[in-house]
Amino acid sequence: MSLTVTTHQAEEDERNELIKIYLNGEIVSKSEAKVSVYDSGFMLGDGIWEGLRLYSEKWIFIDEHLNRLVSAAKAIDLNLGLNKIEIVDALEKTRKANHIKTDAHARLMFTRGTKVRPFQHPALSQTGPTFVIIIEHSKPKLPRPIKLATVPHMRGLPMTQDPKLNSHSKLNCIIACIAAEKAGADEALMLDINGFVNTTNACNFFIIKEGEVWTSTGDYCMNGITRKKVINLCKQNNIPVFEKNFSLVDVYSSEEAFLTGTFGAQTPVSEIDGRVIGDGKLGPVTQKIRALYSDLIANEIK
């Protein structure tokens, strides 16, 4: 049986054991990067995060990522304590401390800070926010296309835990991922409240159907920046693209399927619920989109 593959699979890099981490204004070693057990992120998942990719000393689509971060902070009524310029300064301070110039992934994390008592009320978080930046040397490495299994778990609803938030509270997605692995797959394909295909536990989901690119309506999925870039690239290059409701029946008979995310960009899908998608390999439309996306990145770093 083949080993599990994830959309965040990267080449092993020994330098990551020696990285320095940004923690509340200080640059510390990996072994010294610790937060309190009373931190609201550790205790309750009360926090938000962003992931960014670095190429040639440039953080790709950083304005959109920071706008999403600030919007999420406002949504959960979290005072970041820094403006966007100051956040970028902290990011660059961390990058330079690690002497990293390209092929890296950054995770920016804000929590509501340290609590005075171990209970959920936000007023108990009286020291904060906690702000951490981790930058790792990271090149995606996918030994084979991803296998998916449909699970009964859904992404959060807008009136409960809106999936458009990059929240530290990821337990529902983790449980979905576990269910998929128990079914022999790599990741979970999750439906929306109406039974239409939505997203995976970690990425946005696309299929190719009779030459057209389909993805969900966006009502119940992550507010994906790479998702939006792919949709725009299709529109700009005369590739028919639709945000629409579709079912597993449509998925099983699709010619291609792929996932989008900041880390993996466009990750091909070979199998869903034991059904081989197309010929089980990276398809021509996905290849074209990947090439267009690579060109977009190249233009960004000029």
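The values are calculated or read from the model by the stated rules, or taken from the named source; none is laboratory data. The structure presented is a predicted model; accordingly, all values stated were derived computationally and were not measured. Counting neighbours? That spans all protein chains shown, and the Cβs are built from the backbone with ideal geometry, glycine included.
Take Gly51 and tell me if it is surrounded by fewer than 20 Cβ atoms within 10 Å (Cβ to Cβ), in contact with a Pro (Cβ under 9 Å, 6 or more places away or on another chain), within 21 Å of Ile21 (Cβ to Cβ) and in the same structural domain as Ile21 (by TED's automatic domain parsing). Considered against the rule, which asks whether it is surrounded by fewer than 20 Cβ atoms within 10 Å (Cβ to Cβ), in contact with a Pro (Cβ under 9 Å, 6 or more places away or on another chain), within 21 Å of Ile21 (Cβ to Cβ) and in the same structural domain as Ile21 (by TED's automatic domain parsing), Gly51 comes out as no. Within region 76-93, the set of residues being out of contact with any Lys or Arg (no Cβ under 7 Å at 6 or more places or on another chain) and touching a residue at least 12 places away in the same chain (Cβ under 8 Å) comprises Ile76, Asp77, Asn79, Leu80, Gly81, Leu82, Lys84, Ile87, Val88, Ala90, Leu91, Lys93.
May I ask you to verify whether Leu259 is within 25 Å of Leu52 (Cβ to Cβ), over 18 Å from the mean Cα position of the chain (by Cα) and at pLDDT 95 or above? It is false that Leu259 is within 25 Å of Leu52 (Cβ to Cβ), over 18 Å from the mean Cα position of the chain (by Cα) and at pLDDT 95 or above.
Residues in region 126-167 that are at pLDDT 95 or above and touching a Gly at 6+ places or on another chain (Cβ under 6 Å): Pro129, Thr130.
Beta carbons closer than 6 Å, at least 6 apart along the sequence or on distinct chains, pair a first residue in region 55-75 that is in the same structural domain as Ala104 (by TED's automatic domain parsing) with a second that is assigned to a loop (DSSP other than H, G, I, E, B) and among the β-branched types (Val, Ile, Thr) for Tyr55/Thr102; Tyr55/Ile301; Ser56/Thr102; Ser56/Ile301; Lys58/Ile301.
Residues of region 90-126 being within 20 Å of His8 (Cα to Cα) and either in contact with a His (Cβ under 8 Å, 6 or more places away or on another chain) or among the hydroxyl-bearing types (Ser, Thr, Tyr) (or both), which ones? Within region 90-126, Ile100, Thr102, Asp103, Ala104, Met109 qualify.
Among Ala202, Ala123, which is part of a loop (DSSP other than H, G, I, E, B) and within 30 Å of Ala90 (Cα to Cα)?
Testing whether each residue is part of a loop (DSSP other than H, G, I, E, B) and within 30 Å of Ala90 (Cα to Cα) leaves just Ala202.
Taken together, Ala90, Ala106, Ala72 contain a single residue that is more than 25 Å from Thr200 (Cβ to Cβ), surrounded by 14 or more Cβ atoms within 10 Å (Cβ to Cβ) and of a type in the set (A, V, I, L, M, F, W, C), which is Ala90. Flag: Arg227 does not match the condition of being farther than 20 Å from Asn198 by Cβ and outside any strand (DSSP E or B).
Among the conditions (1) at pLDDT below 95; (2) surrounded by fewer than 23 Cβ atoms within 10 Å (Cβ to Cβ), the only one that Lys182 does not satisfy is (1).
Of Gly51, Gly41, all but one fail to be touching a His at 6+ places or on another chain (Cβ under 8 Å), at pLDDT 95 or above and in a helix (DSSP H, G or I); the exception is Gly41. Each residue in region 185-204 was checked for being surrounded by 14 or more Cβ atoms within 10 Å (Cβ to Cβ) and over 12 Å from Pro152 (Cβ atoms), and 13 of them qualify. For region 275-302, filtered to residues that are assigned to a loop (DSSP other than H, G, I, E, B) and without any contact (Cβ under 8 Å) to a residue 12 or more places away in the chain, the residue that is farthest from Val213 (Cα to Cα) is Lys302.
With respect to the conditions (1) in a loop (DSSP other than H, G, I, E, B); (2) of a type in the set (A, V, I, L, M, F, W, C); (3) touching a residue at least 40 places away in the same chain (Cβ under 8 Å), Ala149 falls short on a single one, namely (1).
Just one of the listed residues (Leu157, Leu171, Leu124) is surrounded by fewer than 19 Cβ atoms within 10 Å (Cβ to Cβ), closer than 22 Å to Ala72 by Cβ, of a type in the set (A, V, I, L, M) and touching a strand residue (DSSP E or B) at 6+ places or on another chain (Cβ under 6 Å), namely Leu124. Run Ile239 past the list (1) part of a loop (DSSP other than H, G, I, E, B); (2) in contact with a strand residue (DSSP E or B) (Cβ under 7 Å, 6 or more places away or on another chain); (3) within 25 Å of Lys164 (Cα to Cα); (4) not hydroxyl-bearing (Ser, Thr, Tyr) and report the number of the one that doesn't hold. The one condition Ile239 does not meet is (3).
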